[in-house]
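So the structure is just underneath, and the comments pick up after that.
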Amino acid sequence: PDISSAFSSVAHIHRDVQYGWLIRNLHANGASMFFICIYLHIGRGLYYGSYMYTETWNIGVLLLLLVMATAFMGYVLPWGQMSFWG
C-alpha cells in the first residue's frame with residue numbers, strides 16, 4: 001500500500017463493490033452522528049455542572065481529543081481532493 005493507490009482503492013470500493021457506496025455513506029454519516037452525540041454529551045455535562053468533577057472531566061476531554069485525532073486520520077486516509085486541500 002502506498003499513497004498513490006489510496007484514492008483509487010476507495011473509488012473502487014465506492015463504484016465496483018456491491019453496495020460499497022452504501023457502506024461508505026453509512027460509515028461517513030455514522031461518524032457524523034457519533035460526533036453529534038459527543039457534542040450533545042458535552043453540552044449536557046456543561047449544563048449540569050459535571051465539569052466540577054475535574055478528574056472525570058479531564059478524562060472526557062482527553063477522550064474527545066483522541067476521537068478528534070482519529071477522525072482526522074480517517075478524513076485524510078482516502079487522500080482525495082477534499083482531504084488534500086482541506
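No lab work stands behind these numbers, since they all come straight from the coordinates. Remember, predicted model here, so these are calculated numbers, not experimental data. We place every Cβ from the backbone using ideal geometry, glycine too, and count neighbours over all the protein chains shown.
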Quiz item: Hey, how much of the P(r) for segment 33-86 falls beyond 17 Å, as a percent of Cα pairs?
Solution: 49 percent
Practice problem: Take each complete run of DSSP H in the chain, measure how far its Cα atoms stretch along the helix's own axis, and keep only those covering 20 Å or more with mean Kyte-Doolittle hydropathy at least 0.0; list them. | Solution: 20-47, 54-76
Quiz prompt | Fraction of the pair-distance distribution of segment 3-76 above 17 Å, Cα-Cα pairs, percent | solution = 58 percent
Quiz prompt | Nitroxide proxy distance, nm - points 7 Å out along Cα→Cβ at residue 75 and residue 16 | solution = 2.9 nm
Exercise. Considering Cα pairs under 8 angstrom that are at least six residues apart, work out the relative contact order of the chain and quote it in whole percent.
Key: 37 percent
